[in-house]
Amino acid sequence: MDRCVVLVDAGYLLGAAASLLAGEPSRSRITVDHAAVVAGLRRRAEDETGRPLLRIYWFDGAPDRVPQPEHRRLRVMPRVTVRLGALTRTDGRWAQKGVDAAMHAELSELARNRACSDVVLVTGDGDLLPGMMSAKEHGVAVHLWAVQAADGDYNQSEDLVAEADERRVLDREWITAAIRARDLGGVCAPPGPQPELRPEIAAILSAPLPESASAAPPPPPAAPPRPAKNGAAPEPPAPPAPPGKPAVPTPKDVADLGRSHAAQQPQPAPNATLRWSSEKGWSDRGDTADTSGLPTLAQLTTAEQRWADREADITTVSGDPFEVGQVFARRWIARVADGLLLQQLSSHYPRVPHRIDGELLRYAARFGLLAHKDDQIDEQDRYAIRAGFWREVDAHTHADSAT
């Protein structure tokens, strides 16, 4: 059949893109417009092969092979089929299992059944070499695409590169049309006009990272030469330790910025200490505020709304941490019947009540912010989630006060 098929190893594509754009292969460091990725793959495959597209197969790993939101979003797109392997942890690192075997089986089956004339492979795994050779023996032209390597070197198996019929590189320009590095320099307000916020919230959301957090720690003083033994020459001092990575600012660091901003105001704003209920180290043990009257979002949501929420999460929510916090808060506010409860919630700033905070983080985990069930959400992402939550609460509190 004179059609082309694209087989995508998502772990390779997105990991290599993260290395290129963010300097490390962690997929949590990039945001992906999957619709744009699919459209770009289809357009380029049809242009380079001269054949209409039959289908894009998207191979990825998932805990217990349970589809994540991005997989559910992908599998409802036209001409896209998602195949999931397992995601397992070995020696503290996560790895895909079964993805290369699934790609090999799909490639061999397509070639054997003459379902296509051209196959595009977006992968770097040398384990796919036998499948590639089998496809060629059945008369299929194999096109191998690479993601531009961050260091300019190969990021694919040399044997795979040598065996391919055609080779192309998805360069930085192509990648950035659909994928971008996530800004971890701090939580910024979304574009467009924003309602006026309480000074302590505005200060925390807009302040740069503290110098103490962004600067590397000073190197330790050089050790003095060790005394000689038995009259021998003195031993040279031990080499200094390599400089450490810049420290990640804690909620307390950022709260200090809020306090310094408040001190400069004619009427100082209330002391803003980010005391998250799930981070017991920052909790004020003397805080006995009663939050039992505040309902959770689950208590406010009907079965019909739950289905609508799930559909919206798949189709319209990007998964950006700040946006996730806003969406959660927006739903809670829209469904709470008593406006006094919104005022009560706002009065607990900056501490998200325990039950709501736990529910918020569990909701955020559905978007891949919680990389795997045994890991915790990245500290920067947790801060962004809660910042988005409070911005939405504060905006609606101001709106209610104005009316």
Assuming a viscosity of 1.002 mPa s and a temperature of 20 °C, what translational diffusion coefficient in µm² per second does Stokes-Einstein assign to the stretch 119-169, Rh being the Kirkwood radius over Cα pairs?
195 µm²/s
Ranking of PHE328, PHE59 by count of other Cβ atoms within 10 Å, fewest first:
PHE328, PHE59
Which value does Rg/Rh take for the stretch 4-181 over its C-alpha atoms, Rh per Kirkwood?
0.93
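Determine the percent antiparallel among the DSSP beta bridges restricted to the stretch 4-181, to the nearest 5. If you can, show how the numbers build up before the last one.
Numbers: 8 of 36 bridges.
If I count the DSSP bridges inside the stretch 4-181, around 20 percent turn out antiparallel.
Can you tell me the order of 73-86, 378-391 when each peptide is scored by its average per-residue count of other Cβ atoms within 10 angstrom, highest first?
Working: 73-86: 16.9, 378-391: 23.3.
Highest to lowest by the protection proxy: 378-391, 73-86.
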Can you sort TRP174, TRP94 from fewest to most other Cβ atoms within 10 Å of each residue's own Cβ?
TRP94, TRP174
How big is the dipole moment of the stretch 4-181 about its Cα centre under a simple scheme where the beta carbon of each Lys and Arg is +1, that of each Asp and Glu is -1, and everything else is neutral? Debye, nearest 20, please.
860 debye
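Arranged by the count of other C-beta atoms within 10 angstrom, fewest first, what order do THR31, THR123, THR49 take?
Ranked by crowding around the Cβ, least crowded first: THR31, THR49, THR123.
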Enumerate the amide H contacts of ALA146 below 5 Å, restricted to partners 5 or more residues apart or on another chain; note that Pro and chain-start residues carry no placed amide H.
ARG168, VAL169, LEU170
Which far-off residues, 5 or more places away or on another chain, put their amide H under 5 Å from the one on VAL80, with H placed in the peptide plane?
ILE56
Whole-Hz Karplus ³J(HN,Hα) for the stretch 120-125, in order, using 6.51 cos²θ - 1.76 cosθ + 1.60 and θ = phi - 60°, x for Gly and Pro?
9, 10, 10, 6, x, 7
Which FRET efficiency value, to the nearest 0.05, do you get for ASP2 and ARG72 by plugging their Cβ-Cβ distance into 1/(1 + (r/R0)^6) with R0 = 45 Å?
0.90
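Every number in this text was worked out from the coordinates using simple rules, so none of it is lab data. As the structure is a prediction and not an experimental result, all values here were calculated from the model. Please note: Cβ atoms are built from the backbone with ideal geometry, for glycine as well, and neighbour counts cover all protein chains shown.
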